[in-house]
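Every read-out reported here was derived from the displayed coordinates using simple, explicitly stated rules and does not represent laboratory data. Everything numeric here is computed off the predicted structure, so don't read it as measured data. Neighbour counts are summed over all protein chains in view; Cβ atoms, including those assigned to glycine, are modelled from backbone coordinates with ideal geometry.
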Amino acid sequence: MGFMKDVRNLQKTGKEMTPPEHRGVVGGFRAMKDGVAQANAMMGDLAEQQKTQMLMATGIVGQATIDSVTDTGVTINENSEIAIALTVTVAGGEPHKATLKQVISRLAIAGYQPGSTVPVRVSPDDPQVLMIG
């Protein structure tokens, strides 16, 4: 009898811990969708970290002039994601156009204005893969 009471208490506690929007059949699907979205975000972060490591190790150092800056409407931790149109120049290469999306601190946004020059690292395999820094 004590075992069944413990099981009931665990079920009750589980229901109390489940947010209202994740209860029931529809809520279960919503919970799965939210979990998949979180996993995708984590995988995207991992891919971005790998890209950064690759560019730091093998990227060609160059300079880029900012042609335009556009707010994407995405905010992460109260920092804006912006789309930056660049004219990229690397040693021994022709200038080329590239676009980069990057989350920028609100405090640093003034440094990303059209006409500014920023250091970049460009992938030796694909000149459209680059990072500022």
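So for region 59-132, averaging the separation of alpha carbon pairs under 8 Å that are six or more residues apart and normalising by length, what relative contact order in percent results?
Numbers: 158 pairs, mean separation 27.6, N = 74.
Relative contact order of region 59-132: 37 percent.
Sorted fewest first by neighbouring Cβ atoms within 10 angstrom, Val25, Val120, Val69 come out as Val25, Val69, Val120. For the chain, the relative contact order works out to 21 percent when only alpha carbon pairs closer than 8 Å and six or more residues apart are counted. Counting only the backbone N, which residues of region 57-90 are under 17 Å from the spot 7 Å out from the Cα of Lys97 toward its beta-carbon? From region 57-90, the list is 64-70, 83-89. Largest GNM mean-square fluctuation across Val74, Val61, Val118, computed for the chain with C-alpha springs under 10 Å, falls on Val74. Scan (1) 81, 29, 24; (2) 41, 31, 26; (3) 106, 22, 19 for the value of Cα extents along the principal axes in Å calculated from this model and give just the label. After the calculation, the listed value that fits is (1).
I want to check a number: in the chain, how many lysine pairs have alpha carbons closer than 30 Å, given a sequence separation of 8 or more or different chains? Don't skip to the answer; put the middle values down first.
Numbers: Lys5/Lys15; Lys12/Lys33; Lys15/Lys33; Lys33/Lys51; Lys33/Lys101; Lys51/Lys97; Lys51/Lys101.
Lysine pairs meeting the criterion: 7.
Explain nothing, just the number: dipole magnitude of region 1-116 about its Cα centre with +1 on each Lys and Arg Cβ and -1 on each Asp and Glu Cβ, in debye rounded to the nearest 20.
Numbers: 11 positive and 11 negative charges, 134 e Å.
The calculated dipole for region 1-116 is roughly 640 debye.
For the chain, take the longest principal axis of its alpha carbons; what is the angle in degrees between that and the long axis of helix 2-17, to the nearest 10 within 0 to 90? Relative to the chain, helix 2-17 is tipped by roughly 40 degrees. Based on alpha-carbon centroids, what's the gap between region 1-21 and region 54-89 in Å, whole number please? Region 1-21 and region 54-89 have Cα centres separated by 50 Å.
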